[in-house]
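Encoded as structure tokens, the structure appears first; notes follow it.
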Amino acid sequence: MPDSARRHSRSCTRLDYCQFLLASQINYTMTHLAAHTEAFSHDAVTRYLAGDTLRPRDLWRQVQADLVPSPGGYLVFDDTVLDKNHSRHIAFVRRQWSGNEHHVIRGIGVVTCVYVNPDLDRFWVIDYRLYAPDGPEGDGRTKPDHVQDMLLAVLNPRHPAHKPLPVRAVLMDAWYATRPLLRLIEQGQHRYYCPLKANRRVEPHWRATGARAAYTYTTIADLPWSADAQAHGQDVHLKDFPTGHRVRLFRVVLSTERTDYVATNDLPQDSTAAVRDVMSWRWKIEQLHREAKQLTGIERCQARRARSQRNHIACALLVWHRLAQVAAATQQTVYAVKFGQLAHYLRAQLRRPSVRMAFA
């Protein structure tokens, strides 16, 4: 048997690839993996990524045993864009708005679902979808469509992928505050808290009008806010919602440059300060997106095939979950767990340097 055949004697597995994403610090390419193992070749890594079939339910199976539910748990939805600005032939790449870059870039959209346990100050990624509305790999589904699918998997006990989790409230970005999604949550007798865009049209005097035809709508930005409304919110009727439907609207000042208008169907809620505290848990999903990009190489795969990209993104989320799991067990941050692996390398280099320092 030739030496090259002996060195590359087996196939690359899911465990091999995830271990690589977990251990590598900068370079997450298939070439880099193959260059640092004698067990398999670059072609074996390519075949693995193109041949495995990882799906969102595989992530849930891994997370389920570790997740700690809470009666006060929050279900959080948002999306992120994996930067592929210099790519022209990678599947799923399309021009879309990036909140991180604050402009339109070329990238892969990923819609994620996070479960937050506020009692433990921990969160878990439990579901995700790739945003691919068009093209050869497209499924014709919008981001709100994907959120609806993931919502049903938690809120509907008859859903085939049901996740039996207690949910105090659903938290979403303004992009997802659509009538179908809000009504879906209400029909399941669940609560939601989500910001509305300032140009959303509402009726602030719905009690006095009675008939839908008599409603006089104004934009949220033009609503009057008395001192009482500022502290306790005000009831409004959203345009295009059923007659008599109302939500509680709060004006939450986050900074001198940003004010959110948060709507909730939790009508007994009468504290703007409490709403601000609830909405603060929404940023856990931003933490997930940031950590996944910085620690797992989720943006770095250069494979062109759709199945390869799907598998890489799934593996990256599995790796993030493992980092979070170890961080919780050792009371560290995920950054300390990831970069702590370099400590072993540094100690070994100080004992036996591979490149020795020398002076002339």
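The values are calculated or read from the model by the stated rules, or taken from the named source; none is laboratory data. Small disclaimer: the values here were computed from a predicted structure and weren't measured. Here the Cβ is made from the backbone with ideal geometry for all residues, glycine too, and neighbour counts use every protein chain on show.
A213 meets all of the listed conditions (1) touching a helix residue (DSSP H, G or I) at 6+ places or on another chain (Cβ under 8 Å); (2) modelled with pLDDT under 95; (3) aliphatic (A, V, I, L, M) but one, namely (1). From the list S87, S98, the one residue that fits, being surrounded by 14 or more Cβ atoms within 10 Å (Cβ to Cβ), more than 19 Å from the chain's Cα centre (by Cα) and among the hydroxyl-bearing types (S, T, Y), is S87. Flag set for V81, criterion: in contact with a strand residue (DSSP E or B) (Cβ under 6 Å, 6 or more places away or on another chain), surrounded by 20 or more Cβ atoms within 10 Å (Cβ to Cβ) and not small (G, A, S).
In summary, W206 fulfils each of the numbered conditions (1) modelled with pLDDT under 95; (2) surrounded by fewer than 16 Cβ atoms within 10 Å (Cβ to Cβ) with the single exception of condition (2). Those helices (runs of 4 or more DSSP H) of segment 24-68 in which 2 or more residues are of a type in the set (A, V, I, L, M), crowded, with 18+ Cβ neighbours inside 10 Å and within 22 Å of the chain's Cα centre (by Cα) occupy 56-64. Just one of the listed residues (V104, V114) is crowded, with 23+ Cβ neighbours inside 10 Å and of a type outside the set (G, A, S), namely V114.
Provide a single number: the residues in segment 140-175 that are among the small types (G, A, S), in a loop (DSSP other than H, G, I, E, B) and within 17 Å of the chain's Cα centre (by Cα). Can you show your working first?
Residues of segment 140-175 that are among the small types (G, A, S), as a first pass: 140, 153, 161, 169, 174.
Pick out the ones that are also in a loop (DSSP other than H, G, I, E, B) and you get 140, 161.
Of the ones still in play, those that are also within 17 Å of the chain's Cα centre (by Cα) are none.
Number of matching residues: 0.
If you go through segment 277-288 one residue at a time, do you hit one that is of a type in the set (D, E) and without any contact (Cβ under 8 Å) to a residue 24 or more places away in the chain? Scanning segment 277-288 turns up at least one residue that is of a type in the set (D, E) and without any contact (Cβ under 8 Å) to a residue 24 or more places away in the chain.
Filter segment 272-323 for residues that are touching a helix residue (DSSP H, G or I) at 6+ places or on another chain (Cβ under 7 Å) and of a type in the set (S, T, Y) and give the result. Scanning segment 272-323 gives T272, T296, S308.
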